[in-house]
Amino acid sequence: MTDPDGESSSAAGGRALEAVAVGVAGGALGAAAAWPLGLAVPVAVIAGTNGAVSGWRQIYDWRSARGVVGFVLDSTWSFVMTGAALVANAIGSLSKDGGYVADLSERQGRHVFSGGFRPRGRFVITLGNVISGAGDTTGERRRRLITDHETVHVWQARWLGPIFPVVYAGWAIVGGAVGAVVWVVRRRDEPVGKVVESCAYYINPLEWWAYSRDDNWPPSGKIAGLGWRKPIVRPLRR
């Protein structure tokens, strides 16, 4: 039998079974990890919901250590960003232009939306394990942006956990203020917005890391003569 969307009943049953199993496992992991902090219930809800959604969409590769580690971190240490990811996931799923990109998501440890949550329209944004605003992913360069840049942010959020949003947002605020001062003191020829954006966004170490992995450092025409001159790490591919 095949449902109206073209998916066989056995495939749908497999998705449902994985959703239940991963949801229960995620909730249990989250509760156990957060119990000493007195946050067992909210973290279990976040981890369980992520597990159910991610299990249904089958994003985790259970045959690899990378897939298992990603699931464990999403359910425990990275619960803050996983909670943010659930919001982005809901927006992408409910938006008319959400456009879930299954071939860049399934068994690859991430949810990718061509549209969805886009606070800065022309920028792709990653919150936890959700990448939004991917756009047209039929081209190789756009796909590489997802696999070699945005996925770095997915893993940054996992490894840094609750430290990630503090570092990222803190740098943006302080860096933006420093950029404004630099523009005033040095009377730069560049527009003030470019100098501020360079300090607040492009030379953020977390972005420097991701752009370097994507073999795109420094981003052409984006940096106002400021910041790091060389990549921090080798690109994932040439």
>> Against the condition touching an Asp or Glu at 6+ places or on another chain (Cβ under 6 Å), at pLDDT 95 or above and open to solvent by less than 40 Å² (accessible area, probe 1.4 Å), how does I146 come out, does it pass?
In response: no
> Across the range 55-72, what is the number of residues that are assigned to a helix (DSSP H, G or I), closer than 15 Å to R158 by Cα and either touching a helix residue (DSSP H, G or I) at 6+ places or on another chain (Cβ under 8 Å) or open to solvent by 50 Å² or more (accessible area, probe 1.4 Å) (or both)?
Replying inline: 7
> (1) modelled with pLDDT of 95 or more; (2) crowded, with 20+ Cβ neighbours inside 10 Å: which one isn't true of S198, the others all being true?
Replying inline: (1)
>> Just to be sure I understand, how many residues within the range 130-149 are closer than 22 Å to L206 by Cα and in contact with a Ser or Thr (Cβ under 7 Å, 6 or more places away or on another chain)?
In response: 3
>> Please go through the range 170-227 and give me each residue that is closer than 24 Å to T126 by Cα, aliphatic (A, V, I, L, M) and not in a loop (DSSP other than H, G, I, E, B), ordered by number.
In response: A172, I173, V174, A177, V195, V196, A200, L206, A210
>> I need the full set of residues from the range 144-169 which are of a type in the set (D, E, K, R) and either farther than 18 Å from V80 by Cβ or not in a helix (DSSP H, G or I) (or both), in order please.
In response: R144, D148, E150
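The values are calculated or read from the model by the stated rules, or taken from the named source; none is laboratory data. Here the structure is a predicted model, which is why all the values come from computation and not from measurement. So basically every Cβ, Gly included, is an ideal-geometry build from the backbone, and we count neighbours across all protein chains shown. The accessibility values were calculated without ligands, DNA or RNA, using every heavy atom of the protein model including side chains. Shrake-Rupley method; radii C 1.70, N 1.55, O 1.52, S 1.80 Å.
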